[in-house]
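Here's the structure, in structure tokens; my notes come after.
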Amino acid sequence: MGDAAAVGWRRGARAATFPVRWIASWRLWTLPGRVLAMVLVVHALTISSVVGTAWMVPLRAEYWKVAAILVVTGVLYLEMARGIERLRAMEAGRGPYHDLKTVWNVAALLLLPPLLATAVIIATHTYGYLRIHREDKNPHRWVYSCATVVLASQVGALVLAVGVDAFPGFPSSDPVAWLVVAAATIVRWLVNYLLVITVAGLMKPEMTFSDAFSQLGEQGSEGAATSLAIAAAMFIEFGYYPLLLAIFVIIAVLQQTSLYHRWKRERPFDPSTGLYTRPAFVEIAGSIVDRESFRGGDQVGCLLLDLDHFKKINDTHGHHVGDLALVHLAQAIKDEIREDTDLAARWGGEEFVVLVPRVTHAQLCEVAERIRHRVSVTEVVYTVKDPVTDETEIREVRMTVSIGAVMGPGDATGPDSLLDLINRADQLMYRAKNSGRNRVCSTLGAGPAEIPVPTRPV
């Protein structure tokens, strides 16, 4: 072997062994490395199981028909439930978030070969992300979630294939077959839950056992969805397609009873501004921050706003004009935040707070600057009647706002994480006040952030 060939061979050998040496090195066993290793293993097992089971059952025409029905009904459900599912996702707090796609995915597990059941899961998860969760700038989380559901369904399909002669298809009235169906759905749930919890535990080593199993309400929703899935599978198997409408009605009732009472009635709004009250904000925002902390992300922004010279407005123009100024400020906030994602509240007096999930620091500052600019060009118009001449005069008041912008959740955990976030935003807001008012201060720099007025995205 010549020198050039020997050098080339050695280089090729080093290149070939690099992945092995890297896997064996300490780098993989750091926290990000462990998470990555877990994710890669799950994806590898998922793909292998799908490929390995693709040959099990011939894909007959009736299976394609059932798959189409499940995809269409799943998509219709997701489209109708967009708003309420966004709210449920925000409220989920720690632990896995379960939506009712389970109805269609478990029905696919019971009625379809594993390959087509996988196609139904991928279709519903993709549509759910694009229509409900696309504001989450971490789509890899939803890819992993889809992979865990597919892998868990593959395990459930294996249980059905071993224990039920009619698989795929609805089992007979044999009690043993029904026990196998129950076992398959429980195994599916357990595998999926453990895969999600394991990654969450790797990302947050301080997670406790109670954290992993604290979402009993969500698990109740998952159990109800599984029961509905069995009913949906019966209706499809025996051709009772109109009865699928009953599934939609029951889902709507479940959503309304589990969320509407809490969201619309137990969480009051400030009567003057229409924004959430302080106690309502603390409860809702606390769940959002806690969930982001649990997922290992610092992608929640917080804005604390204070109306400049509010006392002067009250003293000069009257308290009724001050109240109008607060209403205009609240409207400016509403106009510049995302309706179904961001959370705004009247924190107290002339102070307002906004929680902005799933943003970068730069995007948070853009939101703050849009609010600041809109307030600065807003005019509070009111009329004054001269008691002597009885003439009416129209007057205008211009106002400005100082804003502190901070990212979190930071190092604090549990109930203190939200208050820590707001306290840090409060300190930056006072820095904006002391720096001349009518500005945004953030942790991007030591002083007020000099940000050009951005265009509101369409």
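The values are calculated or read from the model by the stated rules, or taken from the named source; none is laboratory data. This one's a predicted model, so the numbers in the text were calculated from it and none came from an experiment. All Cβ positions, glycine included, derive from the backbone under ideal geometry; neighbour counts span all protein chains shown. Heavy atoms of the whole protein, side chains included, go into the accessibility calculation; ligands, DNA and RNA do not. Shrake-Rupley method; radii C 1.70, N 1.55, O 1.52, S 1.80 Å.
Here are a few things to note about the model shown:
- Selection status of GLU350, acidic (Asp, Glu) and under 23 Å from ASP420 (Cα atoms): yes
- Of all residues in segment 100-140, none satisfies the criterion of being part of a helix (DSSP H, G or I), modelled with pLDDT under 85 and buried (at least 18 other Cβ atoms within 10 Å of the Cβ).
This table checks each residue for (1) within 22 Å of VAL440 (Cβ to Cβ); (2) free of Cβ contacts under 8 Å to residues at least 24 places away in the same chain; (3) over 32 Å from the mean Cα position of the chain (by Cα).
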site	(1), (2), (3)
LEU307	yes, no, no
HIS320	no, no, yes
VAL353	yes, no, no
ARG358	yes, no, no
ARG370	yes, no, no
SER376	yes, no, yes
GLU379	yes, yes, yes
VAL384	no, yes, yes
GLU396	no, yes, yes
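- Against the test of being crowded, with 21+ Cβ neighbours inside 10 Å and in contact with a strand residue (DSSP E or B) (Cβ under 9 Å, 6 or more places away or on another chain), the options VAL327, VAL300, VAL321 yield a single qualifying residue, VAL300.
- THR316 open to solvent by 50 Å² or more (accessible area, probe 1.4 Å) and in a helix (DSSP H, G or I): yes
- Going through (1) open to solvent by 30 Å² or more (accessible area, probe 1.4 Å); (2) within 30 Å of ASP323 (Cα to Cα); (3) of a type outside the set (A, V, I, L, M); (4) modelled with pLDDT of 75 or more one by one, GLY223 falls short only on (2).
- Meets criteria (touching a residue at least 40 places away in the same chain (Cβ under 8 Å) and touching a Ser or Thr at 6+ places or on another chain (Cβ under 8 Å)) for HIS328: yes
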